[in-house]
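This report concerns only the one structure given below.
The values are calculated or read from the model by the stated rules, or taken from the named source; none is laboratory data. All values derive from a computational prediction rather than experimental measurement. Quick reminder, even Gly has a Cβ in these numbers, built from the backbone with ideal geometry, and neighbours come from all protein chains shown.
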Amino acid sequence: MRVAEIFRSLQGEGRDQGLITTFIRLTGCNLDCRWCDTRYARSGGEDRTRDEVLAEVHALGCRRICITGGEPLLQAGELLPLLSALHHAGYVIGIETNGTLDFRPFQPFASICMDVKCPSSGEESDLSLLAHLTGEDSVKFVVAGEEDCEYARRIIGEHPIRAEILFSPVFGTDCRAIADYVLTQDLPARFQLQLHRILGVR
C-alpha cells in the first residue's frame, strides 16, 4: 500500500480527541477540498507491505490506531487485510473518510468517522452513506461559516443519523460564531476545535 506517513501523536478531533494515537496516513485522495490541511498526502509516499506497516505500528507502542489520508478507502484491497490483522492483534481502530466511498466492508474492524463535505469545501459527500453509520461511528461537519452551518443543520434534519455528530470550525474561522450557532439552534452535536492545529502538532 502507498503510505504517506506513520506517526504517534494526540488525536486532534473526533470522538477520541486528546487520546494518544498512532496515525497511518495513506497517500491519495479523490477530492480536492479548498481548506485541506494534508495536501502533501495527495501524492508521493512510499510503498509498504502489510507486515512493514504492522512492524512500525507495533514499535510505536500505542494500542489506538487512526487510518486517515488523503482518502484511505481508495486502497481498499490492501487496507482490509491490514485492518483484519490489527483488529485480531487487539488494536482499537478508527477510519477517517470523506464520505464518497462505501465504508461498510470496514465496519467489522473499525469505527468510521465520515466527514460530510460542506459548501465551503467545494466538494460533496455521498449522503446516502449516512444511513449505514452506527452508534459506534461519527459524522463530522467541518464548517467555515453560516452557509456551512445551515447546510449541516439541514442534513441533520433530513437524515436519521445514529452516529455521534461533530461540528468542527475550519481552522482560522470565527469559532465563537459557530459555537453560538450550535447553541441557538440546539443542535444534537458535539462542538470541538481542531486540537492538533491549536497545539501545532501533526
Would you mind telling me which numbered condition in (1) out of contact with any Lys or Arg (no Cβ under 9 Å at 6 or more places or on another chain); (2) farther than 24 Å from residue 187 by Cα; (3) among the hydroxyl-bearing types (Ser, Thr, Tyr) residue 91 fails? (1)
Failed condition for residue 152, given (1) under 14 Å from the mean Cα position of the chain (by Cα); (2) buried (at least 20 other Cβ atoms within 10 Å of the Cβ), with all others met? (1)
Name the residues in the range 1-45 that are touching a strand residue (DSSP E or B) at 6+ places or on another chain (Cβ under 7 Å), part of a loop (DSSP other than H, G, I, E, B), under 19 Å from residue 137 (Cβ atoms) and polar (S, T, N, Q), would you? 11
So, in the range 83-134, exactly how many residues are closer than 18 Å to residue 1 by Cβ, among the small types (Gly, Ala, Ser) and outside any helix (DSSP H, G or I)? 3
Name, by its number, the condition in (1) touching a helix residue (DSSP H, G or I) at 6+ places or on another chain (Cβ under 8 Å); (2) under 22 Å from residue 196 (Cα atoms); (3) buried (at least 19 other Cβ atoms within 10 Å of the Cβ); (4) among the hydrophobic types (A, V, I, L, M, F, W, C) that does not hold for residue 66. (1)
Being outside any helix (DSSP H, G or I), aromatic (Phe, Trp, Tyr) and surrounded by fewer than 19 Cβ atoms within 10 Å (Cβ to Cβ) narrows it down to one residue among 141, 171; which is it? 171
Filter the range 75-99 down to the residues that are polar (S, T, N, Q) and in contact with a strand residue (DSSP E or B) (Cβ under 8 Å, 6 or more places away or on another chain), then identify the one that is surrounded by the fewest Cβ atoms within 10 Å (Cβ to Cβ). 75
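Test of understanding: among 13, 78, 46, which residue is within 16 Å of residue 202 (Cβ to Cβ) and of a type in the set (Asp, Glu)? Before you say what the answer is, go through the steps one by one.
On the way: 78 fails: within 16 Å of residue 202 (Cβ to Cβ); 46 fails: within 16 Å of residue 202 (Cβ to Cβ).
That would be 13, the only listed residue that is within 16 Å of residue 202 (Cβ to Cβ) and of a type in the set (Asp, Glu).
For the structure I just gave you, tell me whether residue 102 is over 24 Å from residue 202 (Cα atoms), surrounded by fewer than 22 Cβ atoms within 10 Å (Cβ to Cβ) and either acidic (Asp, Glu) or without any contact (Cβ under 8 Å) to a residue 24 or more places away in the chain (or both).
It is true that residue 102 is over 24 Å from residue 202 (Cα atoms), surrounded by fewer than 22 Cβ atoms within 10 Å (Cβ to Cβ) and either acidic (Asp, Glu) or without any contact (Cβ under 8 Å) to a residue 24 or more places away in the chain (or both).
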What is the one condition in (1) more than 28 Å from residue 82 (Cα to Cα); (2) among the hydroxyl-bearing types (Ser, Thr, Tyr); (3) without any contact (Cβ under 8 Å) to a residue 40 or more places away in the chain that residue 125 does not satisfy? (1)
Within the range 134-149, residues of a type in the set (Val, Ile, Thr) and within 13 Å of the chain's Cα centre (by Cα) come out as 139, 142
Residue check, residue 142 against (1) at pLDDT 95 or above; (2) touching a helix residue (DSSP H, G or I) at 6+ places or on another chain (Cβ under 6 Å), all met but one. Which one? (2)
Can you tell me which condition residue 162 does not meet? The list is (1) outside any helix (DSSP H, G or I); (2) in contact with a strand residue (DSSP E or B) (Cβ under 9 Å, 6 or more places away or on another chain); (3) not acidic (Asp, Glu), and all the others hold. (2)
